[in-house]
Every structure is written in C-alpha cells, then in structure tokens.
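These notes are about the structure you will find just below.
Coordinate-derived values only; no laboratory data. Because the structure is predicted, anything quoted here is derived from the model rather than measured. Ideal geometry is used to build each Cβ from the backbone, glycine not excepted, and the neighbour counts take in all protein chains shown.
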Amino acid sequence: MSLRSGITALVAASTLVLGAGCAVMRGQESVGAYVDDAAITTSVKARMVEDKTVDADAIKVETSNGNVVLFGVAKSSLEKNTAESIAMKVKGVKTVQNNVAVRP
C-alpha cells in the first residue's frame, strides 16, 4: 500500500468515525441520510487527497442531504475549480456550493 493510499484510507475512516457522533446532536437528518452524507464527504475528501492539484488540507467539505459545500482557501482558480469538479463527480452529490476563496 502506498503512502498516499494509506492517507486516503485514514481520512476516510476518520471522517466516518468522528462524524458518526455528530448526527445525533444535529437532529437534522435520519441516520441513513447522515451515513450517506458522511460517505459522500469521505469520497470527496479522498479524491481530493489523490489529486495533486488540490490541497485537501486547505479545502473543507460538508454534506447535507447530498448537497456539498466546499470552503477554505485555494492557491489558484484552477485548484478551486478542480475541487468543485471532483465533488460533482461523486455518486450521490446533488449540488455543489463552492465557497472556496482564492489567495491573492
């Protein structure tokens, strides 16, 4: 297993484990919908980690009912647009709201 694959797996596992406790406190969704949203978030983040043009640490992802919100800071418009493109290609994503700011 390569280091990048190991990091991707770690990000995915951490997101699912840490996010599971938040669903009860939110009370906004059913458990099934929350699990689907967590899987979408994990998939988007994992794909960002794999993409060399996106700094996955600088761009955060939140998902609610299949609607993804990206926020954070990108180094360029290309990075911002690539992050949005990655999110749109993930199964289950309905919409992507790209709130990523580009560093001047």
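Tabulated data
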read-out	value
Between region 85-104 and region 40-55, the Cα center-to-center distance that results, in Å	11
Built amide H within the under 5 Å cut-off of Val102, gap 5+	Ala74
Global form of region 25-104, assessed from the alpha-carbon gyration tensor, a/c cut-off 1.5	prolate
Of all DSSP beta bridges in region 46-101, antiparallel share, percent nearest 5	45
Counted charge near Leu70, where neighbours are those whose Cβ lies closer than 13 Å (Asp, Glu -1; Lys, Arg +1)	0
Sorted peptide list for 90-99, 50-59, 32-41, criterion being average Cβ within 10 angstrom, highest first	32-41, 50-59, 90-99
Pairwise label distance in nanometres, Ser77 with Thr95, each label 7 Å out on the Cα-Cβ vector	2.4
